[in-house]
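Participant: Below is a structure I'd like to ask you about.
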Amino acid sequence: MFKYILKRLVMSVFILLGVSMIIYFLIRLMPVDFIQDKINAINQGGATVSEETVNAMYEMYGLGDNSFLGILKGYFSWLGALATFDLGTSFVYGIPVADVIFEHMGISFAIALIATVFEFLIAIPLGITAATHQYSFRDYLVTVLVMIGISLPSFFFGQMLKDVLALKLGWFPASGLVNATASFTGIELLLDYVRHMFIPILTIVILSIGARMRMTRTNMLEVMNSDYIRTARAKGLSEKVVINKHAFRNTLIPLVTSLAGLLPSLFSGAIITEQVFDLPGIGNIALDAMNRGDIPFIMGYNMFLALLSVIGVLLADLMYGIVDPRVKLE
Amino acid sequence: MAKNKNYLSGKEIRAIAKENAKVMKRLEAEKYRKADESEYLTEMRDSKNILEIDKLHTYFFTEQGVVKAVNGVSFDIPKNATVGVAGESGCGKSVTSMSVMRLLQGPTGQIYSGEIRFNAKEKSGEEKVYDIAKMPIRDIHKIRGNQIAMIFQEPMTSLNPVFTIGQQLDEVTFIHNPDASKEQAKEKSIEMLNLVGIAMPERVYNSFPHELSGGMRQRVMISMALASDPRLIIADEPTTALDVTIQAQILDLLRDLKTKIDGSIMLITHDLGIIAEMADYVVVMYAGRVIEKGTVDEIFHNPMHPYTIGLQKSKPTLNSDSDTLFNIPGNVPNPINMPDYCYFKERCAQCTKKCSGEYPEMIQVSPTHFVACHLYDEGQNDD
């Protein structure tokens, strides 16, 4: 087991190297130029920047040479810094990338975690009822409702919820994370957070239930039609025990492993939802960085997600070994 | 099933769906109703029997139409006897056994009509006769796994892969004796594993199903069936998935057990050799109906229905001169919209004019031997 994990971790290093290479080259090929944008802004202010200064700025940011060798050099200098656990300094914010990530990750993580918990709590029972009452009115009703959820785009549905719940009914604040006009502390501050995060979380939960519910339903149906469920019934077990013990324990295998695969999405932030509700989450920041060509931040953010993905896949495999006795990890 | 021959128009499909929905709704409501015990208590026709199946009709309501998988099957299982049910694939053998266990997949599979009378023995020793076909599903635990146990065809997939053998065996003890302690349940499970001839029962007790071979798993299935001291064991092709040497062991085991538990066995198989060896009585089924039934001697030494004769001819023997195996020409008719004449007519070499007439009645040839064939009508009249 220990050997298996070690082997996987060593492999992960190579995977991450490959990922970093691809991301870095792609970013350098992107048609955004942080320096040019900055100079344009200065020019608009009326001042002029000399050619020399511009070139010096390109050199300073390490973007001077756009040939293949130049990009390669840039990549290795980034990699060299990474070896000393330095993700570099964000162009836009002027502070270390790691600080930017950790500053904005909390809010995204809180939203994603709460949304995921509710997603599982709602989708799994729905999927099980739909499967155990296949082709009944209940099954069709649940399926149609979650299908509507899957089909709605988040920018539209989020906007709609905001319009109804916040603007028309006024039950919740429309955007932002805290009430700027009041200065709450302690429990009041927490309640204020909850009020602000309610609609974004509701949006994410409704949109994501569908896939999880369909997955549970399909798995459950497959399990319910299997021979060992017939055996369990033939033994004289009550339908409740058959479903909740024998069938659910088997449905749990893909569900638990998919949970581990969710790890990166907990930290990546919901870009569109954060935009709609103007939340200072990591998704919002990442989109902004992308538009402005903040290379160190994009690299840092994506490598962070890549690392989480690799760990998530490893965790999923380890989970298999725990929940499915047929799987032996060697 | 007859995809190319019988195209259905949209109108017909809708008409079928509407009709099916109506019947299924009624039958499902009946299945899930709450009922007083008196509603399904009945009397045995013959107190020597443990199970009497009487004009059982089990239908599947499919999109193409109603499949009459079991279409008026009647036979008895006497106490302490082994009854073999023979027939080719799709003749309704397994559906009959599923009907007895009430394990049909709803809402499509339903017992449409008929009676399944079962002589149950309560813990108090009192005997009660239940009509299983009329029992609501919530009361089925009175007999399922308790009075009647079942052994399935596929030992490889019939055990839950995520629980150990011990967990799955103990469960049976707990169902029937909820007050049992963990140690008592384990003791009983190990005893059952010993009974079915498993070496190292302690080790098997802690194993997962995937760690055992097919033969071992089938033994575990049998021990599971035995753990509840059933009065009737239904073995649905218990040896089909096993290789021949293991087959013989499993059959020996079943025969031994019958004497040990003092119960009856309903043995479903398409292997006439197994029936000849194991059974006291034989029921031959064809396309959802019983076409001949009698004692093992009668069926093997004096088969009367052309289908039974054909079946026996198609059995491979070592000392025959012929290189090719006899086979009955043709196929089983489409189970949707069965004709109202003998279902075997198209494949029968001994057809007479009468065979185009309505489906033949069961004719009694001896006190125990019955056959459903027009060939024997006249003999009946002459006597």
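Read-outs throughout are calculated quantities, based only on the coordinates presented, and are distinct from any laboratory measurement. Worth saying up front: this structure is predicted, and the values here are computed from it rather than measured. Cβ sites come from the backbone with ideal geometry, for glycine too, and all protein chains shown count toward neighbours.
Participant: Can you tell me which lysines have their Cα less than 27 Å from the Cα of B:K11? Leave out same-chain residues fewer than eight positions away.
Facilitator: Partners within reach: B:K3, B:K22, B:K25, B:K68.
Participant: Calculate for chain B the 222 nm mean residue ellipticity that helices alone would give, adding -39,500 (n - 2.57) per DSSP H run of length 4 or more and normalising by residue count, nearest 500 deg cm²/dmol.
Facilitator: Dividing the helical sum by the residues of chain B leaves -9500 deg cm²/dmol.
Participant: Still on this structure: Using a Gaussian network model of chain B whose springs link C-alpha atoms within less than 10 Å, name the residue from B:K121, B:K11, B:K188 with the highest mean-square fluctuation.
Facilitator: B:K11
Participant: Please work out the FRET efficiency for the pair B:E30 and B:M200, using the Cβ-Cβ distance as r and a Förster radius of 41 Å; give the result to the nearest 0.05.
Facilitator: About 0.30, to the nearest 0.05.
Participant: Could you work out how far apart the two model spin labels at A:I22 and B:R14 are, taking each label as a point 7 Å from the Cα in the direction of the beta carbon, and quote it in nm?
Facilitator: So the label points at A:I22 and B:R14 sit 5.2 nm apart.
Participant: With a ≥ b ≥ c the root eigenvalues of the C-alpha gyration tensor of region B:18-141, is it rounded (a/c under 1.5), prolate (a/b larger than b/c) or oblate?
Facilitator: In terms of gyration-tensor shape, oblate.
Participant: Could you work out how far apart the two model spin labels at B:E191 and A:V49 are, taking each label as a point 7 Å from the Cα in the direction of the beta carbon, and quote it in nm?
Facilitator: Taking the simple label geometry, B:E191 and A:V49 are separated by 9.0 nm.
Participant: May I pose another question? Nearest-5 percent of antiparallel DSSP beta bridges in chain B?
Facilitator: In chain B, DSSP labels about 65 percent of beta bridges as antiparallel.
Participant: Also, quick follow-up: Using 0.36 nm per residue, how much length does the chain from B:K134 to B:K313 gain when fully extended, once their Cα-Cα distance is taken away?
Facilitator: 60.4 nm
Participant: Sticking with this structure for a sec: Counting partner chain Cβ atoms within 10 Å of every residue's Cβ in A:235-242, what's the average?
Facilitator: Neighbouring Cβ atoms belonging to other protein chains average 6 per residue here.
Participant: Now for a different question. Considering only DSSP beta bridges where both residues belong to the protein assembly as shown, give the percentage that are antiparallel (nearest 5).
Facilitator: Approximately 65 percent, going by the DSSP bridge assignments.
Participant: Kindly put A:F85, B:F326, A:F91, A:F120 in sequence by how many other C-beta atoms sit within 10 Å of each C-beta, fewest to most. Don't skip to the end; give the middle numbers.
Facilitator: On the way: A:F85 7, B:F326 13, A:F91 21, A:F120 18.
Listed from fewest to most nearby Cβ atoms, that is A:F85, B:F326, A:F120, A:F91.
Participant: Between A:L113 and A:F184, what FRET efficiency comes out of the Förster formula 1/(1 + (r/R0)^6) with R0 = 25 Å and r the beta carbon distance, rounded to 0.05?
Facilitator: 0.65
Participant: Additional query: Can you tell me the 0 to 90 degree angle between the C-alpha axis of helix A:186-224 and the longest principal axis of chain A, rounded to 10?
Facilitator: Rounded to the nearest ten degrees, it is 50.
Participant: If r is the Cβ-Cβ distance from B:H141 to B:S38 and R0 is 25 Å, what FRET efficiency results, to the nearest 0.05? Please list the in-between numbers first.
Facilitator: Values: r = 18 Å, r/R0 = 0.73.
Between B:H141 and B:S38 the formula returns 0.85.
Participant: Expressed as an acute angle from 0 to 90° and rounded to the nearest 10, what is the orientation of the C-alpha long axis of helix B:244-261 relative to the principal long axis of chain B?
Facilitator: It is inclined by approximately 70 degrees.
Participant: Between B:N327, B:Y341, B:G357, whose Cα lies farthest towards the positive end of the dipole of region B:309-382 when Lys and Arg beta carbons carry +1 and Asp and Glu beta carbons carry -1, centred on the Cα centre?
Facilitator: Toward the positive end, the furthest listed residue is B:N327.
Participant: Within the set of other residues whose C-beta is less than 11 Å from the C-beta of A:S175, count the net charge using Lys and Arg as +1 and Asp and Glu as -1.
Facilitator: Numbers: positive: A:K162; negative: A:E274, A:D278.
Residues close to A:S175 contribute a combined charge of -1.
Participant: Also, quick follow-up: Listed highest first by mean packing, meaning other Cβ atoms within 10 Å per residue, what order do A:39-50, A:204-215, B:41-52 come in?
Facilitator: Most protected by this proxy first, the peptides run A:204-215, B:41-52, A:39-50.
Participant: I've got another one for you. Tell me, how many Å apart are the Cα centres for region A:77-110 and for region B:155-222?
Facilitator: Between the Cα centre of region A:77-110 and that of region B:155-222, the gap is 56 Å.
Participant: Okay, moving on. Sorted from fewest to most neighbouring beta carbons within 10 Å, what does the list A:W171, A:W78 look like?
Facilitator: A:W171, A:W78
Participant: 7 Å from Cα along Cα→Cβ at both A:D33 and B:Q105: what's the point-to-point distance in nm?
Facilitator: 6.5 nm
Participant: Compute the signed sum of charges (Lys and Arg +1, Asp and Glu -1) over the other residues within less than 14 Å, Cβ to Cβ, of B:T324.
Facilitator: Numbers: positive: B:K313, B:K315; negative: B:D321, B:D323.
Net local charge, B:T324 excluded: 0.
Participant: Among B:C355, B:C373, B:C348, which comes first, second and so on when ranked by fewest other beta-carbon atoms within 10 Å?
Facilitator: B:C355, B:C348, B:C373
Participant: Then there is this: Express in whole angstrom the spacing between the alpha-carbon centres of region A:246-302 and region A:169-230.
Facilitator: 15 Å
Participant: Per-residue Cβ counts within 10 Å, from other chains only, averaged over B:153-161: what number is that?
Facilitator: The mean count of partner-chain Cβ atoms within 10 Å per residue comes to 5.
Participant: Per residue of A:223-232, how many C-beta atoms from partner chains lie within 10 Å of its own C-beta, taken as a mean?
Facilitator: 6
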